[in-house]
Amino acid sequence: MQLKNIPDPDPGPNQVLIHVRAAGVNPVDTYRRAGRYPNVSLPFTPGSDAAGEVAATGALVRHVRPGARVYTSGSVTGTYASLTICEAADVHPLPDKISFAEGAALNVPYATAWRALFQRARAVPGETVLVHGASGGVGTAAVQLARAAGLRVIGTAGSDAGAQLVRDLGACHVLDHRRPDYLSELPKLTENRGVDIILEMLANVNLGKDLPLLAIAGRVIVIGSRGKVEIDARDAMMREADIRAVYLFNASAPEKAAIHAALGAGLENGTVKPVIGRELPLADAPRAHQLVMEPGARGKIILLPP
């Protein structure tokens, strides 16, 4: 990736031009950069998550005006830039009390966590959820959203600082996934009942271990995987368990609208407070792509355009 000066883009009738103040970095950005998505043609500007101010609007846009603070849930031209064009439906109000860095940390992590918990797992208050990698971007979002909805949260983390962060966000218990036997604690924590929901960030490592941890009618929601996995289907059969998956970009327009209506309410009432792990200048995007794939993440990596 290289920084280049290119002409300023112009928004179409149903589009918004945004002056980007902060851009979020997600693992999916690295997959696109690496050519693992066939719909990418070069030159290409990565990024879907940003926050900033509306610079201009298309003739048919009514819900935002120039100067408004907004965050994005998608981009036509990419958000690793000083200016980005988004479809009007992908531009959402950003309350004054939420920083631009926090706004840029919203879309992929929080929308994924919300979709996983409420659209795929159908979580209800009182259930117990195990969040693998709870100190990362999606993990911290999931802990906040689950606690706000009345779920009991057990998280895992790989550092003392990460574990403390997860506790501070409201998890009832935090397990150290650096320990080979860390999952052995779960039966005691659930009085041998098992957990209702598992949010799985690394299915190729954990899925086979997850199924025996479930309660009857439990659900594993696969959010991330980096390879193939072998499971014993009887572990699912005995519990009448479901293995479901999340791919945020499959969300329909009504589902996406519901997600961001919920996140907007959370921003207003304080139950959604994005955790920023690191802020880097836009020129350090290559380094950010290395960091976002490393273990031990705490919160979201943010790029700051000049």
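The values are calculated or read from the model by the stated rules, or taken from the named source; none is laboratory data. None of these values were measured; they are calculated from a predicted model. Cβ sites come from the backbone with ideal geometry, for glycine too, and all protein chains shown count toward neighbours.
Scanning segment 77-90 for residues being farther than 19 Å from residue 8 by Cα and buried (at least 18 other Cβ atoms within 10 Å of the Cβ) gives a total of 1.
Being loosely packed, with under 15 Cβ neighbours inside 10 Å, free of Cβ contacts under 8 Å to residues at least 60 places away in the same chain and either under 23 Å from residue 147 (Cα atoms) or not charged (D, E, K, R) (or both) is the requirement here; does residue 180 meet it?
Against the criterion (loosely packed, with under 15 Cβ neighbours inside 10 Å, free of Cβ contacts under 8 Å to residues at least 60 places away in the same chain and either under 23 Å from residue 147 (Cα atoms) or not charged (D, E, K, R) (or both)), residue 180 qualifies.
Out of 255, 191, one residue alone is at positive phi, of a type outside the set (Phe, Trp, Tyr) and surrounded by fewer than 19 Cβ atoms within 10 Å (Cβ to Cβ). It is 191. If you go through segment 279-300 and keep only what is crowded, with 17+ Cβ neighbours inside 10 Å, at pLDDT below 95 and not small (Gly, Ala, Ser), you end up with 292, 298, 300. The residue of segment 240-255 that is farthest from residue 229 (Cα to Cα), among those that are charged (D, E, K, R) and outside any loop (DSSP other than H, G, I, E, B), is 255.
Residue-wise test of (1) assigned by TED's automatic domain parsing to the domain that holds residue 181; (2) in contact with a Ser or Thr (Cβ under 8 Å, 6 or more places away or on another chain); (3) closer than 17 Å to residue 113 by Cα; (4) free of Cβ contacts under 8 Å to residues at least 24 places away in the same chain.
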{"site": "208", "(1), (2), (3), (4)": "yes, no, no, no"}
{"site": "214", "(1), (2), (3), (4)": "yes, no, no, no"}
{"site": "218", "(1), (2), (3), (4)": "yes, no, no, no"}
{"site": "224", "(1), (2), (3), (4)": "yes, no, yes, no"}
{"site": "227", "(1), (2), (3), (4)": "yes, no, no, yes"}
{"site": "238", "(1), (2), (3), (4)": "yes, no, no, yes"}
{"site": "245", "(1), (2), (3), (4)": "yes, no, yes, no"}
{"site": "256", "(1), (2), (3), (4)": "no, yes, yes, no"}
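Residues of segment 79-113 that are among the charged types (D, E, K, R) and over 16 Å from residue 277 (Cβ atoms): 87, 90, 96, 97.
Of all residues in segment 80-115, those satisfying the criterion of being in a loop (DSSP other than H, G, I, E, B) and more than 18 Å from residue 61 (Cα to Cα) are 80, 81, 82, 95, 96, 97, 98, 99, 105, 106.
Got a number for residues in segment 285-302 being assigned to a loop (DSSP other than H, G, I, E, B) and either among the charged types (D, E, K, R) or not assigned by TED's automatic domain parsing to the domain that holds residue 32 (or both)? Looking only at that region, the number is 2.
Looking only at residues in segment 254-275 that are over 28 Å from residue 218 (Cα atoms), of a type in the set (A, V, I, L, M, F, W, C) and modelled with pLDDT of 95 or more, the one that is farthest from the chain's Cα centre (by Cα) is 265. The single residue among 37, 31 that is more than 18 Å from residue 76 (Cβ to Cβ) and among the aromatic types (Phe, Trp, Tyr) turns out to be 31. Consider segment 258-278. How many of its residues are surrounded by fewer than 19 Cβ atoms within 10 Å (Cβ to Cβ), in contact (Cβ under 8 Å) with a residue 24 or more places away in the chain and in a loop (DSSP other than H, G, I, E, B)? Adding up the residues that qualify gives 2. The single condition among (1) surrounded by 17 or more Cβ atoms within 10 Å (Cβ to Cβ); (2) in the same structural domain as residue 183 (by TED's automatic domain parsing); (3) on the phi > 0 side of the Ramachandran plot; (4) not hydrophobic (A, V, I, L, M, F, W, C) that residue 47 does not meet is (2). The single condition among (1) in contact with a Lys or Arg (Cβ under 9 Å, 6 or more places away or on another chain); (2) free of Cβ contacts under 8 Å to residues at least 60 places away in the same chain; (3) of a type outside the set (Ser, Thr, Tyr) that residue 127 does not meet is (2).
Inside segment 7-39, residues that are in contact with a strand residue (DSSP E or B) (Cβ under 8 Å, 6 or more places away or on another chain), of a type in the set (A, V, I, L, M) and in a loop (DSSP other than H, G, I, E, B) make up a count of 0.
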